[in-house]
Amino acid sequence: MTLQQFINVLRSRWITVCVTALVPILGAVAYTLTQTPLYQASTRLFVSTTAGKSVSDLYSGNRLSLDRVVSYTQLLTGETLAQRTIDRLDLNMNAQTVAARVTAKSKPNTVLIDVGVLDPSPVQARDIANALSDEFVTMVSELETPSRGATPEARVVVEQRASIPGAPVVPNKKRNLALGIALGAMLGVGLALLRDKLDNTIKNPEALEEVAGTGVVGYIPFDKKLATDHSISFDTDNSATAEAFRKLRTNLQFLAVDNPPRLIVVTSSSPSEGKSTTVINIALALAEAEHNVVVVDGDLRRPRLGKYLDLVGSVGFSTILSGGAPLDDVLQKTKFSNLTALTSGPIPPNPSELLGSLAAKKMFSDLRAKFDYVIVDSSPLLAVTDGAILAAEADGAIVAVRAGKTKRDQLAHGIGMLRDVDAKLLGAVLTMLPTRGSGSYSYNYYYYGGSYGDDKRDESSATS
Ligand SMILES: Nc1ncnc2c1ncn2[C@@H]1O[C@H](COP(=O)(O)OP(=O)(O)O)[C@@H](O)[C@H]1O
Ligand SMILES: [Mg+2]
């Protein structure tokens, strides 16, 4: 994975990262808030041994002190001293608890011992630290005196007494929060990478081309306005979405220059991949270029064109196929110039049969004679055979693939169905591309050749 890919994964999955990271961070905060604050009081002890007068005596005396320091730190944290301290202060605690709160540390090659005592009360922390140190001085003098009345071999002095600590040392807010953040960041990034690895949806043109085995002829960004309006007013609209459909129009016209496809079916493997929206707006883009275009609702199960274009749905495709009315009577003018529509008509019980009938063939050849382009909407391929039947009838099929939603195996399966009926695959359209994150449209648009040169070409074809 390159750094760029890594950044893209984080950008597109920032919600996963943030939500996951929040768990350990909140955990750290909760832990910090529920911990009883502990104060630490410290004293410092100085260890010396009774040394002779000569230089070598001084030296060995010093060595002896250093050796003592190591054993003393052990004694300081022991339960014997803790019990003596408890007795001295008349504390209502047991030796184990007190001993566990005592720390004794010495720096190497020094005869100083730093003693720390933790306690929920700052005053008691100080009192215990002082009493413990005094008790230790006594204890050492007892231990180091070989026989009654003799001079002790080593002694300890409390060099620095404890004072009342100002701020608690536990909980360590900064450390807990830092740990929470570090753990959160690791978990968040890890989960984002894992989810990316497990995600088998199609998110970019490379994956689409690899699975579909055909070129990508259009990149349609996710557009809130399009989601509610369903159609673009090409004469006034210069949005990125309008440009995307103009580019798709250009690509279609250049697919087979000598014999350009005129009867085109738009299909997809699953529902809600943007088929109907693509049908309407390819048709409008072609109509903008002064072509006479008809859209046909070949989705006889969940027809949408009538609704999307504000038309009457009572008569249409199925009416003609059942011989209910001639073609001219059911074609409807739309509010857009150069665009005619044939809605689905009443939903028939046997759509696949009707679509494969001779009546359907005849209707398509009539439409071909009347219009420059016939753009046909269809049902999803994985649900029913309708889409494949229509695609076989047409000059070619365009497959709509919803970015980040259509799964690789779904697309492969759908494409397989088109290949089974020998339909000509014109190309794939990546729809509803996110405008932010790794599948970002702006990134794709510039990266995949939405250059000014292409626009010029597009314009010349628009006026031809
Ligand atoms: N480019 C787009 N940006 C935003 N929403 C879209 C886009 N294309 C389609 N939609 C919305 O997605 C939903 C499904 O689109 P539709 O064209 O009806 O898909 P299909 O015909 O494949 O079922 C509709 O609500 C539509 O408005
Ligand atoms: Mg549809």
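Figure the gain on full extension for Asp237 and Ala412 (residue separation times 0.36 nm, minus the Cα-Cα span) and round it to one decimal in nm.
59.5 nm
Quick one: of the DSSP bridges fully inside segment 202-463, what percent are antiparallel, nearest 5?
Details: 2 of 29 bridges.
Taking every DSSP beta bridge within segment 202-463, about 5 percent pair in antiparallel fashion.
GluC sites (Glu not before Pro), restricted to segment 264-340: which are DSSP loop and have at most 14 other Cβ atoms within 10 Å?
Glu290
In vacuum, with every alpha carbon of the chain counted as one equal point scatterer, what does the Debye formula give for log10 I(q)/I(0) at q = 0.12 Å⁻¹? Two decimals, please.
Taking Cα atoms of the chain as identical point scatterers yields -1.00.
Less than 16 Å from a label point 7 Å out along the Cα-to-Cβ axis of Ser322: which backbone N atoms in segment 353-377 qualify, by residue?
From segment 353-377, the list is 353-357, 359-360.
List the trypsin sites (Lys or Arg not before Pro) within segment 69-173 that DSSP assigns to loop and that have no more than 14 neighbouring Cβ atoms inside 10 Å.
Arg148, Arg161
Using the basic label-point model (7 angstrom from Cα toward the beta carbon), what is the Asn92 to Ala383 distance in nanometres?
Using points 7 Å along Cα→Cβ, the separation is 7.5 nm.
Roughly to the nearest percent, how much of the accessible area of the chain is carbon and sulfur, given a 1.4 Å probe?
About 56 percent, which is the carbon plus sulfur part of the accessible surface.
Once whole DSSP H runs in the chain are found, which of them have Cα atoms spread over 24 Å or more along the helix axis and a mean Kyte-Doolittle score of at least -0.5?
14-34, 55-76, 122-144, 173-198
Sorted by accessible area with a 1.4 angstrom probe, largest first, how do Met93, Met139, Met186 fall?
Met186, Met93, Met139
Kindly work out what percent of the DSSP beta bridges joining two residues of the chain are antiparallel, to the nearest 5.
45
If you find the alpha carbon centre of segment 1-76 and of segment 106-155, how far apart are they in angstrom?
Centre-to-centre (Cα) distance: 23 Å.
Check Arg402: other-chain or 5+ apart residues with amide H under 5 Å from its amide H, H built from backbone geometry?
Thr431
Would you give the gap between the C-alpha center of segment 186-243 and the C-alpha center of segment 357-407, rounded to a whole Å?
22
Rounded, prolate or oblate: which fits segment 249-408, taking a ≥ b ≥ c as square roots of the Cα gyration tensor eigenvalues, rounded meaning a/c under 1.5, else prolate when a/b beats b/c?
Rounded shape, in that the Cα axes give a/c under 1.5.
What accessible area, in Å² to the nearest ten, does a 1.4 Å probe give for Arg408?
In the full protein context, Arg408 sits at about 80 Å².
Sum -39500 (n - 2.57) across every DSSP H segment of at least 4 residues in the chain, then divide by the residue count to get the 222 nm mean residue ellipticity, nearest 500.
Result for the chain, helices only: -15500 deg cm²/dmol.
How long is the gain from Val70 to Lys307 if the chain were fully straight, where each residue apart is worth 0.36 nm and the alpha carbon distance is subtracted?
76.5 nm
Starting from the 7 Å offset along Cα-to-Cβ, what nm value, one decimal, do you get for the label separation of Ser121 and Glu159?
3.1
Just to check I understand the Karplus step: with θ = phi - 60° and J = 6.51 cos²θ - 1.76 cosθ + 1.60, what whole-Hz values come out for segment 333-342, glycine and proline as x?
Values per residue, Gly and Pro as x: 6, 9, 6, 9, 6, 6, 10, 10, 9, 10 Hz.
Which residues in segment 71-103 place their backbone N less than 19 Å from a point set 7 Å from the Cα of Gln35 along the Cα-to-Cβ direction?
Residues 98, 100-103 fall inside that zone.
Between Arg44 and Met1, what length comes free when the chain is fully extended (0.36 nm per residue of separation minus the Cα-Cα distance, one decimal in nm)?
10.0 nm
Mind pulling the per residue volume of the convex hull built on the Cα atoms of segment 39-160? Å³ is fine.
Details: hull volume 12.0 nm³, N = 122.
Cα convex hull per residue, to the nearest whole number: 98 Å³.
Listed highest first by mean packing, meaning other Cβ atoms within 10 Å per residue, what order do 6-13, 428-435 come in?
Top to bottom by mean Cβ count within 10 Å: 428-435, 6-13.
Per residue, how many Å² of accessible area does the chain show with a 1.4 Å probe? Don't skip to the answer; put the middle values down first.
On the way: 23220 Å² over 464 residues.
That works out to 50 Å² for each residue.
Could you please put His291, His413 in sequence from largest to smallest accessible area, using a 1.4 Å probe?
Ranking His291, His413 by accessible area, largest first, yields His413, His291.
The values are calculated or read from the model by the stated rules, or taken from the named source; none is laboratory data. Everything quoted here is computed from the prediction, not taken from an experiment. Positions of Cβ are generated from backbone atoms using ideal geometry, with glycine treated the same way; all protein chains shown enter the neighbour counts. Side chains are part of the model used for accessible areas, which takes the heavy atoms of the whole protein and leaves out ligands, DNA and RNA. Shrake-Rupley method; radii C 1.70, N 1.55, O 1.52, S 1.80 Å.
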